[in-house]
Amino acid sequence: MTASNAVELGRLGLDQGGYLLIKHALRTVPVGSAIQVSGESPELAIHLRSWCRTQGHRIDFLSQTSADHAPIAIIYRGSAETGRWVGAQSTGDASMPQQHAPANWGLAGRSATVEAGSPSFEFPLNTRTEVWAQEVARLYAQALAAQWNPLAAIPWDESFDLPDEIEDAVVQVMTYLIENETAALIIPARFAAQIHPHFREVMQLLAIQAADEARHIEVFTRRALLRRAKLGLSTAGGQASLKTLLDETDFTLSGMLLSVLGEGSFLSLLLFLHQYAPDPVTREIARMVSQDEARHVAFGVAHLTWHVNEQPSCLDRLAIAIERRHDMLANTAGLNEEVFDALILLAAGSLQPEALRAGWNKVQTLISDMDQGRIKRLRKIGFSDSKAQSLSALHTRNFM
Amino acid sequence: MTKPFLLGAVAYDAKVVTIWDGFQRWFAQHDFAFDYMLYSNYEQQVEGHFSGHFHVAWNSPLAWLQAERIAARTGRTVKAIAMRDTDCDLTSVIVVRQDSPIQTIRDLRNKTVAVGASDSPQATLIPLLHLAEAGLDPEKDVNVHRFDLLVGKHGDHIGGERHAANALIDGRVDAACMIDGNHLLFAREGTLPANSTRILAQTAEYDHCNFTVLDIAPIEAVARFRELLLSMSYDDPSVRPLLNLEGLKQWRPGRTEKYALLARAIDRFHTIDAFVDKVSNACRYP
Ligand SMILES: [Fe+2]
Ligand SMILES: [Fe+2]
């Protein structure tokens, strides 16, 4: 027996980690071969016996007490450990996911070795085509780096003085934004739980996107309640529009409706608020939120570009989804009058006729900016000029 | 549909359903129609076995002795056909605190000894026999503190032994009894920190559970069931999770000589006499 086949535990007990030395020594010999164990821990023989029993190794005792470092037992390596890794599966490359992630890879990280017989998990989004985007790892890193603390980032204490009707208009716009942000939180949170963890970057990105939206709900709520005791009006038409987003269960179609068209339009709205809001708190909130939204839109566009590239027929499905949503919302009011009027007032800053005219014009420009933005993104994904224009025109009047 | 081969098992834990459902699927893949029924305690199961409710019992060692004795009284024969590798050659230990003045079994006189459920072979009956054979009558010479969790499960549930170990560390008892493997397990869990305890005594070897059949069981089905059990390999991923849940690496042929120690214990403590009388009489005068 060579030195490596002999384990000297000294006073180290099996109940203090001594079994690791034995495990290690057993791995150096073939199944069926033996190692010798010696040691002085008083419980050693009893512990060796039960440990070998549970690990499936045969053990022969030489003596119950170990005098002069004489071995006390011989352990014959059992086949359980090697048997365990028969048929284990590799989960591919650490840097790039596979096209299809099997259910029994489960929660294992990419490139881990998975024991055969591991349980199957039902992650419905399990192919690279339906979830991936070229940019996803970079977008996630960017999102992490750009997290901000509302307490520090927003000048909550800055003083400003608004006429009552202008403050009411701001509160109404915030009320509208809050419910839109709520939809924007629920949707990625739901999909994050459906994505096979093999595509971890997408799962992580959606998780942080949900966290972004949680922060948006927070800051809009806080702004609304800065000078008022309660929020404004929530309309049936606005909620009907958002409900169609929540009802969309297809990840790619949802990405089109929510991220590319909805959050894309919101980006214009936030820039509008950053420019024209009547108080510094709202302006700064809009600026910070728009940075997050730009990433959400970027992922939506990147994913759809990827998907269409892999599967060009996807464009038809996207077009049909936009048309279907338009038809479903055809009989609703769309953007509520209260929000529309509030935007004009907010941009006007007062009820002076000249100011109102200017506010009106700014809102007209906003609506046209939203349209241009949508057309640009639809073309980027692969739609023709004319198709992009007609599809953009079908987008909900609720903006989101 | 062929009538399935029926097993009786005791639901000592919810995982029992997962285990036998899994084995049922595995047997089905090997063209063997198998089903199982669960009892809440071994006494019901042994009675059910003699009433012909099922073909094979997954019996605790105490249930095996109950079945063996009822069979002897009623002119029947019983056989242990297979068992787990991890149920062979077990021992129990009596543990004291490291700093305890107790150095030998005799020092336990008038001390408090924690045991498990009253029907637990490993945590109660066999350790108490060890005390008795060393000259300490468990009823007079020591103060036995029972952690009577789930009586009827024959100690299959580890809870009683863990409570006994906790009581030892807390100083509520002077010694605690447990199966040898649990001393190491409780060390790993932190229930018995390393070096906090000392093993005062170790019992002789005994075996644990087995698959028991009575003479009326269908011979061919029993043979096929046993053959399939013994063929299960830890290398096979379709059965390995079940073997892990059931706590074995390999099924072995049954053997009965190592129930002698427990038999001595129940003779001494009359643990199952009343039950054996009751079922034997019912079998004889149905
Ligand atoms: Fe948002
Ligand atoms: Fe967003």
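The values are calculated or read from the model by the stated rules, or taken from the named source; none is laboratory data. Only a predicted model underlies this, so the values are computations on that prediction, with no experimental measurement involved. Please note: Cβ atoms are built from the backbone with ideal geometry, for glycine as well, and neighbour counts cover all protein chains shown.
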What tally of residues in the stretch B:193-241 results from selecting those that are within 10 Å of another protein chain (Cβ to nearest Cβ) and farther than 25 Å from B:Asp180 by Cα? 6
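Take residues that are more than 20 Å from B:His270 (Cβ to Cβ) and tell me which of the helices (runs of 4 or more DSSP H) falling wholly in the stretch B:10-126 contain 1 or more.
Filter on the stretch B:10-126 gives B:15-29, B:42-50.
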Read through the list (1) over 14 Å from the mean Cα position of the chain (by Cα); (2) under 19 Å from B:Ala201 (Cβ atoms); (3) not hydrophobic (A, V, I, L, M, F, W, C), then give the number of the only condition that B:Asp148 fails. (2)
Unique residue being part of a helix (DSSP H, G or I) and surrounded by fewer than 18 Cβ atoms within 10 Å (Cβ to Cβ) when the list is B:Asn166, B:Asn182: B:Asn166
Yes/no for A:Thr282 being within 16 Å of ligand 1 (Cβ to nearest atom), at pLDDT 95 or above and surrounded by 24 or more Cβ atoms within 10 Å (Cβ to Cβ): yes
Residue count, the stretch A:10-33, condition hydrophobic (A, V, I, L, M, F, W, C) and under 23 Å from B:Leu90 (Cβ atoms), comes to 3
Expected output for the stretch B:83-96 (first residue more than 9 Å from chain A (Cβ to nearest Cβ), partner among the hydroxyl-bearing types (Ser, Thr, Tyr), Cβ below 6 Å, 6+ apart or cross-chain) is B:Ser92/B:Thr203; B:Val95/B:Thr197
Regarding A:Arg295, is this residue among the charged types (D, E, K, R), away from every other protein chain (no Cβ under 14 Å), within 13 Å of ligand 1 (Cβ to nearest atom) and farther than 19 Å from A:Gln364 by Cα? yes
Take A:Val301 and tell me if it is part of a helix (DSSP H, G or I), within 16 Å of ligand 2 (Cβ to nearest atom), away from chain B (no Cβ under 14 Å) and at pLDDT 90 or above. yes
Suppose we filter the stretch B:230-284 for residues that are of a type in the set (Ser, Thr, Tyr) and either part of a helix (DSSP H, G or I) or assigned by TED's automatic domain parsing to the domain that holds B:His154 (or both); how many remain? 3
Of all the residues that make up the stretch A:145-186, how many are over 24 Å from A:Ala224 (Cα atoms) and within 16 Å of ligand 1 (Cβ to nearest atom)? 1
Applying the selection to the stretch B:158-174, what residues are hydrophobic (A, V, I, L, M, F, W, C) and free of Cβ contacts under 8 Å to residues at least 60 places away in the same chain? B:Ile158, B:Ala164, B:Ala167
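One line per residue, one yes/no per condition, for (1) under 22 Å from B:Glu68 (Cα atoms); (2) out of contact with any strand residue (DSSP E or B) (no Cβ under 6 Å at 6 or more places or on another chain):
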position	(1), (2)
B:Lys15	no, yes
B:Trp26	no, yes
B:Asp35	no, no
B:Glu43	yes, yes
B:Glu47	yes, yes
Could you please find all residues in the stretch A:171-215 being over 9 Å from the mean Cα position of the chain (by Cα) and within 10 Å of ligand 2 (Cβ to nearest atom)? A:Asn180, A:Glu181, A:Ala183, A:Ala184, A:Leu185, A:Ile187, A:Asp212, A:Glu213
Being of a type outside the set (A, V, I, L, M, F, W, C) and in contact (Cβ under 8 Å) with a residue 12 or more places away in the chain is the filter here, so list the residues in the stretch A:130-146 that pass it. A:Glu130, A:Gln134, A:Glu135, A:Tyr140, A:Gln142
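Within the stretch A:113-151, can you find the residues that are among the small types (Gly, Ala, Ser) and surrounded by fewer than 17 Cβ atoms within 10 Å (Cβ to Cβ)?
Across the stretch A:113-151, the qualifying residues are A:Ser120, A:Ala137, A:Ala141, A:Ala145, A:Ala146.
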Any residue that is within 26 Å of A:Asp250 (Cα to Cα) and out of contact with any strand residue (DSSP E or B) (no Cβ under 9 Å at 6 or more places or on another chain) - is there at least one of those in the stretch A:150-173? no
Determine whether the stretch A:91-102 contains at least one residue that is buried (at least 16 other Cβ atoms within 10 Å of the Cβ), touching a Pro at 6+ places or on another chain (Cβ under 9 Å) and of a type in the set (A, V, I, L, M, F, W, C). yes
Quick check on my filter: what residues within the stretch A:205-249 are assigned to a helix (DSSP H, G or I), more than 12 Å from ligand 1 (Cβ to nearest atom) and within 19 Å of A:Glu338 (Cα to Cα)? A:Thr221, A:Arg223, A:Ala224, A:Ala236, A:Gly237, A:Gly238, A:Gln239, A:Ala240, A:Ser241, A:Leu242
Hey, could you check the stretch A:271-291 for residues that are β-branched (Val, Ile, Thr) and within 16 Å of ligand 2 (Cβ to nearest atom) and say which is farthest from A:Ala321 (Cα to Cα)? A:Ile285
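For the stretch A:150-158, does any single residue satisfy the condition of being free of Cβ contacts under 8 Å to residues at least 24 places away in the same chain, farther than 28 Å from A:Ala108 by Cβ and either assigned to a loop (DSSP other than H, G, I, E, B) or not assigned by TED's automatic domain parsing to the domain that holds A:Leu242 (or both)? Before you say what the answer is, go through the steps one by one.
At the first step, the residues of the stretch A:150-158 found to be free of Cβ contacts under 8 Å to residues at least 24 places away in the same chain are A:151-152, A:157.
Subsequent filtering for residues that are farther than 28 Å from A:Ala108 by Cβ retains A:151-152, A:157.
Right, trim to either assigned to a loop (DSSP other than H, G, I, E, B) or not assigned by TED's automatic domain parsing to the domain that holds A:Leu242 (or both) and you get A:157.
Within the stretch A:150-158, one or more residues are free of Cβ contacts under 8 Å to residues at least 24 places away in the same chain, farther than 28 Å from A:Ala108 by Cβ and either assigned to a loop (DSSP other than H, G, I, E, B) or not assigned by TED's automatic domain parsing to the domain that holds A:Leu242 (or both).
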Tell me the residue from A:Ser259, A:Ser268, A:Ser234 that is within 14 Å of ligand 2 (Cβ to nearest atom) and out of contact with any Leu (no Cβ under 7 Å at 6 or more places or on another chain), please. A:Ser259
